Amino acid sequence: MQFIDTHSHLDTHHFAGDFKEVLSRSRQAGVIAQILPGVFQSWWPNLLEVCRSEKDLHAAPGLHPLYLDHHSPHHLEELTLLAQSERIVAIGEIGLDYYHRNSPKQAQEDLFIAQLRIADVHGLPVLLHVRKAHDQVQAILRRKYFKHGGIVHAFSGSRQQAEHYLKLGFKIAFGGTITYDRATKIREVAKHLPLEAIVLETDAPDIPPAHHNGERNSPEYLPLVLDSLAALRPESKALIAEATTANAISVFGLDDLIVGT
């Protein structure tokens, strides 16, 4: 079986000591591609270099809503240039995070809209980071008529909110959270969404699956997410792997990947 990790931070310092080894083990586990989102402008050079050096790693630079103190207006200008000139597959991770109250909502919204505009102009999907703000994000997507879709990373909303994202052209990503029995709300959403709406992710090094609780998460653990998803749904693991991989290829335009060989 083959997988695409739609959200991994393999380019960060957490993997500096064993990057090659983790990448090798991930490939052996069937992970044929990883999408690496950005968080700060200062991370982008290394992100882009890593993705240039490894053909199965794909860059999605962006400005995270929680780190407003790290962002400047000229970073948006640089992001525009990257969208024009670099081989990137998405803008991310972007969105709204109202869980942490020390990040001003209006400033987050302004940053989110600015990055949506860049993605829209250049025909790129987006990786959404959303906490306690799904209704607000969906309202902005509708108001701005954003039509390129993307993925809702680490989804934590209701089934109804997930279905609204589907109507807006987005896929829903499930990761390590669904491997925990106590995550009943998200497991219920994962159980009932149509298979064509779902993609897989790890968010490595964060949100490790239950079998690795307390450890650094890794893209090589993506099959464990599949195991939990298959336990919730009627489809076989093979069918879920095939469908979620195809879904990711569709979102990011990775048509050069040969799946099933």
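Some values worked out for this structure:
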read-out	value
Boolean, residue 160 is of a type in the set (S, T, N, Q), without any contact (Cβ under 8 Å) to a residue 24 or more places away in the chain and part of a helix (DSSP H, G or I)	yes
Residues of the range 228-253 satisfying the condition of being of a type in the set (Ser, Thr, Tyr) and either at pLDDT below 95 or over 21 Å from residue 89 (Cα atoms) (or both)	228, 236
Residues of the range 1-40 satisfying the condition of being polar (S, T, N, Q) and under 22 Å from residue 127 (Cβ atoms)	2, 6, 8, 12, 26, 34
Output for the range 18-47, where each listed residue is assigned to a helix (DSSP H, G or I) and of a type in the set (Val, Ile, Thr)	22
Members of the range 77-104 that are in contact with a helix residue (DSSP H, G or I) (Cβ under 8 Å, 6 or more places away or on another chain), within 29 Å of residue 156 (Cα to Cα), of a type outside the set (S, T, N, Q) and surrounded by 17 or more Cβ atoms within 10 Å (Cβ to Cβ)	79, 83, 88, 89, 90, 91, 94, 95, 96, 97
Positions within the range 3-40 being crowded, with 17+ Cβ neighbours inside 10 Å and of a type in the set (S, T, N, Q), in sequence order	6, 8, 12, 26, 34
Scope the range 163-173; condition assigned to a helix (DSSP H, G or I) and either under 15 Å from residue 126 (Cα atoms) or touching a His at 6+ places or on another chain (Cβ under 9 Å) (or both); matching residues	164, 165, 166
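Residues are listed down the side, and each one gets a yes or a no for (1) among the charged types (D, E, K, R); (2) on the phi > 0 side of the Ramachandran plot; (3) in contact (Cβ under 8 Å) with a residue 12 or more places away in the chain:
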residue: 78; (1), (2), (3): yes, no, yes
residue: 97; (1), (2), (3): yes, no, yes
residue: 109; (1), (2), (3): yes, no, yes
residue: 125; (1), (2), (3): no, no, yes
residue: 132; (1), (2), (3): yes, yes, yes
residue: 164; (1), (2), (3): no, no, yes
residue: 175; (1), (2), (3): no, no, yes
residue: 190; (1), (2), (3): no, no, yes
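The values are calculated or read from the model by the stated rules, or taken from the named source; none is laboratory data. What you are looking at is a predicted structure, and each value in this text was computed from that prediction instead of being measured. Cβ sites come from the backbone with ideal geometry, for glycine too, and all protein chains shown count toward neighbours.
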